[in-house]
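Quick notes on the structure that follows.
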Amino acid sequence: MKKIKTLGEFIIDNQQEISYATGELTSLLSSIKLAAKIVHREINKAGLLDLSSINHNQNIHGEIQNNLDIFANETFKDTLKARNQVCGIVSEEEDNVVTFDKQLNVESKYVVLMDPLDGSSNIDVNVSVGSIFSIFKRKTPVGRPVEIEDFLQPGTKQVAAGYIIYGSSTMLVYTTGNGVHGFTYDPSLGVFALSHENIKIPTKGKIYSINEGNYTKFPQGIKSYIKYCQEIDKQTSRPFTSRYIGSLVADFHRNLLKGGIFLYPSTATYPNGKLRLLYECNPIAFIAEQAGGLAISNNKNILEIAPEEIHQRVPFFVGSKDMISHLKKYIFD
Ligand code: P6P
């Protein structure tokens, strides 16, 4: 029987590579692992409970929250609060920064920014959804974290990032800047077992992911790029295959393993793009770059953008290096 290496064992084995982790980051990742197990359990019976039903509240983005959005948000908050490593969080489901006041009298080194349940509108139709997290060391020394210094940091300063995809299996994929590693959840053992060590995204890809229903609202460069993807050209393996799930984690995870490009440009509905910089684009971009891919927002690298507000949206293009490099010809202003 193949030896199982759990996420916990893997983190400890590699802790010496994580120059800044004196155990706190390990413990923080462990609390995310716990939250992932709890959310996994509820998602897998969503159809049997009213957890996925609409609760008619709206989040700050005007998006209808379903009960699983709230459940996932509270679960991640509770598990992060229960340990002393995190002094505060930003969440898609929270209007403002949430400070863990209990932690202020201890040295809590980290802040976490998260989308606790991305793509949750897909749960009712059994489509994969995900949780996304981004971890920074706080910049202010002690006390209540400060939004601008501690949360509005560029993506290059992330110390760790990852996602959990709740799909045909539940996987946790993360990086601490030493490669990208994937762990598949075994509910019978209650562990995340190493299944994809040192993931590398293929440099070339044949999949493009974009909501073509927005075609008329796209900038001309994006319309031209879509046409490029659809042309017949054997040398460049075109036409590419169109795959779009409408769940960022699922669309990205497929492209990460198989190669491909994901595009969410500015549209008439979302003039600054739909996806949020801090807890969707930055963590996915960190993973993409660690896996040998690229992530840009028009003419900037995602990770170099200086955030201006916690729920800031940006146009987002991420995937195989050669595909992103080629896309630049179509979108640079
Ligand atoms: P559209 C889900 O609501 C989400 O935030 C991402 O997971 C996904 O990539 C995107 O929105 C889909 O947006 O406009 O294509 O439905």
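The values are calculated or read from the model by the stated rules, or taken from the named source; none is laboratory data. Since this is a predicted model, take the numbers as computed values, not measurements. Glycine also receives a Cβ, built like all others from the backbone with ideal geometry; neighbour counts cover every protein chain displayed.
For the range 278-293, a residue qualifies if it is surrounded by 24 or more Cβ atoms within 10 Å (Cβ to Cβ), more than 13 Å from the ligand (Cβ to nearest atom) and among the aliphatic types (A, V, I, L, M), and the qualifying residues are L278, A285, I287, A288. May I ask you to verify whether Y279 is assigned by TED's automatic domain parsing to the domain that holds R254, under 28 Å from T241 (Cβ atoms) and out of contact with any helix residue (DSSP H, G or I) (no Cβ under 6 Å at 6 or more places or on another chain)? Taking the combined requirement at face value, the residue does not satisfy it.
Residue-wise test of (1) in contact (Cβ under 8 Å) with a residue 24 or more places away in the chain; (2) not aromatic (F, W, Y).
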site: Y244; (1), (2): yes, no
site: H253; (1), (2): yes, yes
site: G273; (1), (2): yes, yes
site: R276; (1), (2): yes, yes
site: I284; (1), (2): yes, yes
site: E289; (1), (2): no, yes
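Of the residues that make up the range 177-190, is at least one of a type in the set (S, T, N, Q), buried (at least 19 other Cβ atoms within 10 Å of the Cβ) and in contact (Cβ under 8 Å) with a residue 24 or more places away in the chain? Within the range 177-190 (the criterion being of a type in the set (S, T, N, Q), buried (at least 19 other Cβ atoms within 10 Å of the Cβ) and in contact (Cβ under 8 Å) with a residue 24 or more places away in the chain), the answer is no, since none of the residues qualifies. Only residues that are away from the ligand (no atom under 12 Å from the Cβ) and surrounded by fewer than 19 Cβ atoms within 10 Å (Cβ to Cβ) were counted across the range 244-267, and they come to 2.
Taking the range 248-333 and the strands (runs of 3 or more DSSP E) fully enclosed by it, the elements with 1 or more residues that are more than 19 Å from G182 (Cα to Cα) and more than 15 Å from the chain's Cα centre (by Cα) are at 261-264, 294-297.
Can L172 be described as away from the ligand (no atom under 16 Å from the Cβ), under 14 Å from the mean Cα position of the chain (by Cα) and in contact (Cβ under 8 Å) with a residue 60 or more places away in the chain? Here the answer is yes, as L172 does meet what is asked.
Considering the range 193-213, the residues that are under 18 Å from the mean Cα position of the chain (by Cα) and not charged (D, E, K, R) include one that is farthest from K37 (Cα to Cα), namely I210. Scan the range 212-236 for residues that are assigned to a loop (DSSP other than H, G, I, E, B) and either at pLDDT below 95 or buried (at least 20 other Cβ atoms within 10 Å of the Cβ) (or both) and the total you get is 2.
For the range 128-150, the set of residues classified as within 19 Å of K109 (Cα to Cα) and within 16 Å of the chain's Cα centre (by Cα) consists of F133, S134, I135, F136, listed by residue number. Which residues, counting only those in the range 127-165, are assigned to a loop (DSSP other than H, G, I, E, B) and of a type in the set (S, T, Y)? The answer is S128, T140. Each residue in the range 301-333 was checked for being farther than 16 Å from P283 by Cα and not small (G, A, S), and 14 pass.
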